[in-house]
Amino acid sequence: MKKNAIFIFFICLFVGAVQITTAQRNVIGAREAPKATNSTANLARNITKYSTTDLEKAGAIFNWIAKNISYDYELSNSAKLQKEFYTSEANVIKKTLERKKALCGGYAFLFKDLCKEVGISSEVIHGYSKKYDISKSSKKVNHSWNAVKIDGKWHLLDITMARSHGKTNTPDTFWFLTKPQSFILTHFPENTRWTLLANPISKEEFEKLPTH
């Protein structure tokens with residue numbers, strides 16, 4: 001993994017706001033998904049067995065991760081564990097499922113991998129979150145999230161925020177398929193393509209945007 005991507009996992013914390021749309025609520029279904037296994041192929045099939053469309057499958061995966069993978073405070077505070085875990089994307093996913101805990105990178109890599117297993121394109125996006133004073137560390141990204149391709153169109157999501165700003169066992173679905181115009185208020189990707197805006201803004205402009 002790139003050095004700056006590894007750095008993100010060490011410091012990634014929770015940011016975001018709360019808002020739920022009817023469409024998002026419908027996608028995050030009521031059915032309970034199975035417990036984690038170490039096989040992402042089997043897990044992905046089990047999570048999506050009641051889903052028919054890519055939208056439903058992506059929603060089921062988002063929901064399962066947000067409900068079943070806790071934030072890993074121990075990992076966040078342990079240089080020893082970080083050195084052990086962050087050797088590859090595959091190892092981050094393996095440790096995430098074993099411990100049922102993750103930092104933002106673990107959430108993002110697991111989502112991408114589970115989507116791949118059911119034929120859905122997803123990307124892990126590294127960038128900046130306004131939870132931090134990014135002006136003091138402008139060269140270091142501090143957060144990771146995902147983009148997912150549904151019906152030929154890319155959408156944005158952030159499982160870390162969905163879990164941290166939801167209620168008990170109920171993810172905040174504002175962060176599933178969030179509108180780019182809302183996402184840019186708190187997220188700025190390394191590659192401006194992933195703003196998904198027709199006219200991407202600069203990082204300097206991002207820093208001046210209000211978060212609400």
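The values are calculated or read from the model by the stated rules, or taken from the named source; none is laboratory data. Predicted, not measured: the structure shown is a model, and the values here were computed from it. Every residue, glycine as well, gets a Cβ built from its backbone with ideal geometry; the counts of neighbours run over all protein chains shown.
Observations on the structure shown:
- Residues being closer than 16 Å to LYS149 by Cα, out of contact with any helix residue (DSSP H, G or I) (no Cβ under 7 Å at 6 or more places or on another chain) and assigned to a helix (DSSP H, G or I) - total across the range 46-62: 2
- Selection count, the range 166-178, where residues are under 21 Å from ASN142 (Cα atoms) and either in contact with a Ser or Thr (Cβ under 7 Å, 6 or more places away or on another chain) or free of Cβ contacts under 8 Å to residues at least 40 places away in the same chain (or both): 1
- Selection status of ILE28, β-branched (Val, Ile, Thr), crowded, with 18+ Cβ neighbours inside 10 Å and modelled with pLDDT of 90 or more: no
- Residue tally, condition free of Cβ contacts under 8 Å to residues at least 24 places away in the same chain and crowded, with 24+ Cβ neighbours inside 10 Å, over the range 85-108: 0
- Residue check, TYR128 closer than 30 Å to THR211 by Cα, in a helix (DSSP H, G or I) and not hydrophobic (A, V, I, L, M, F, W, C): no
- Of all residues making up the range 31-74, the number that are within 23 Å of SER164 (Cβ to Cβ) and either of a type in the set (Gly, Ala, Ser) or modelled with pLDDT of 90 or more (or both): 20
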